[in-house]
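In what follows, a structure is listed as structure tokens, so that the remarks can point back to it.
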């Protein structure tokens, strides 16, 4: 089990388009998150998440974020500025590879980020791969991001589900897929929104 090092606070100040966290450096973040909450499909008598080790979640960038990355390629995951956004704390920037799962708010599952995969071609999207560090996932949340806040993007940053049952999936430690998304609601999200995206999953294996 991953140990929590201290109180970690998320404060989204939408009127200012910034995110502040209670870290030692008091950094004002230019990126934020929204939360995925894990529930079961109505057909599932028991939790479909038993045995989950890895979760992969993909959301498509809508026009605002596609335009932002087109105009600011340095903020992409491989860009000069983006490397320290998507990388770890050791790179001296926002460090979301470490920050995303670092001492999260109540109700967020213990996790670590294994990988960010960003596509900026047709169907521009962000995929986050997590390792879940607790046995239970049902009724827990995982934060999804990083996504630019409105002040950085210059417009309302929106992502939407790709529209397949592979939007959010879970595997065991052998990389065998054990559940898939049956439905999720709502199907669009904005950076720092207060409400969660509820995932309703269906078990694939016994």
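The values are calculated or read from the model by the stated rules, or taken from the named source; none is laboratory data. Note that the structure is a prediction, hence the values are computed from the model and not measured. Cβ atoms come from the backbone with ideal geometry, glycine included; neighbour counts cover every protein chain shown.
Being surrounded by 15 or more Cβ atoms within 10 Å (Cβ to Cβ), touching a strand residue (DSSP E or B) at 6+ places or on another chain (Cβ under 8 Å) and in a loop (DSSP other than H, G, I, E, B) narrows it down to one of 137, 152, 147, so name that one.
The match here is 137.
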Picking from 128, 80, the residue that is at pLDDT 95 or above and more than 20 Å from residue 193 (Cα to Cα) would be 80
Look at residue 67 and say whether it is part of a loop (DSSP other than H, G, I, E, B) and in contact with a helix residue (DSSP H, G or I) (Cβ under 9 Å, 6 or more places away or on another chain). no
The residue from 128, 113 that alone is part of a strand (DSSP E or B) and without any contact (Cβ under 8 Å) to a residue 40 or more places away in the chain is 113
Selection within region 167-200 - farther than 15 Å from residue 53 by Cβ, in contact (Cβ under 8 Å) with a residue 40 or more places away in the chain and more than 15 Å from the chain's Cα centre (by Cα): 182, 183, 200
Across region 94-149, what is the total count of residues that are touching a helix residue (DSSP H, G or I) at 6+ places or on another chain (Cβ under 6 Å) and closer than 27 Å to residue 40 by Cβ? 1
Options 119, 125; residue that is surrounded by fewer than 16 Cβ atoms within 10 Å (Cβ to Cβ), in contact with a strand residue (DSSP E or B) (Cβ under 6 Å, 6 or more places away or on another chain) and farther than 19 Å from residue 39 by Cβ: 119
Among the candidates 89, 75, which residue alone is touching a residue at least 40 places away in the same chain (Cβ under 8 Å), crowded, with 16+ Cβ neighbours inside 10 Å and within 16 Å of residue 31 (Cα to Cα)? 75
